[in-house]
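J.: So that we are looking at the same thing, I have put the structure below in structure tokens.
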Amino acid sequence: MSDTERSWLSPDFLTEQLYIIWGAKECAFKIYGLGAIDFRDNLEVEPFEFKEEGVTRVHFKKGENHCIYQVFFQYLNQVMVTYAIAS
């Protein structure tokens, strides 16, 4: 995680937010599909408030490649589900 991402984490929902951040970055990594991604430097998750379900965005930047992915999340039976759509 970047220092920027750490700055907006809520201590009340730290674990849940960490699951979402990791899931969001994994989604963007898999959409990109070419590997060699630094999750801290190439992927930045926008601040979000934890709820049982919601949405955030991931900014992907590597060389000439710049994309924004909308990432949806849902907490189901103690499992965090994330999925992304390129926008």
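J.: Output the qualifying pairs, or none if there are none: Cβ atoms under 8 angstrom, residues six or more apart or on different chains, first residue in region 53-79 and without any contact (Cβ under 8 Å) to a residue 12 or more places away in the chain, second residue in a strand (DSSP E or B) and surrounded by 14 or more Cβ atoms within 10 Å (Cβ to Cβ).
T.: The qualifying pairs are H66/H59; H66/F60.
J.: Restricting the first residue to region 1-20 and requiring it to be farther than 14 Å from F39 by Cα, which pairs with a second residue that is among the small types (G, A, S) meet a Cβ separation below 8 Å and a spacing of at least six or different chains?
T.: Sorted first by the residue in region 1-20, then by its partner, the pairs are Q17/S10.
J.: A further question on this structure: Of all residues in region 55-67, count the ones that are surrounded by 10 or more Cβ atoms within 10 Å (Cβ to Cβ) and either among the aromatic types (F, W, Y) or more than 16 Å from L14 (Cβ to Cβ) (or both).
T.: Total satisfying the criteria: 9.
J.: For F39, only one of the following conditions fails: (1) without any contact (Cβ under 8 Å) to a residue 40 or more places away in the chain; (2) assigned to a helix (DSSP H, G or I); (3) within 21 Å of N65 (Cα to Cα). What is its number?
T.: Just one mismatch for F39, condition (2).
J.: Still on this model: Go through region 1-20 and give me each residue that's among the β-branched types (V, I, T) and under 15 Å from K51 (Cβ atoms).
T.: T15, I20
Readers should treat all values here as calculations from the given coordinates under stated rules, not as data from a laboratory. Fair warning: this is a prediction, and the values are worked out from it, not measured in the lab. Because the Cβ atoms are built from the backbone with ideal geometry, glycine has one as well, and the counts that use them run over all protein chains shown.
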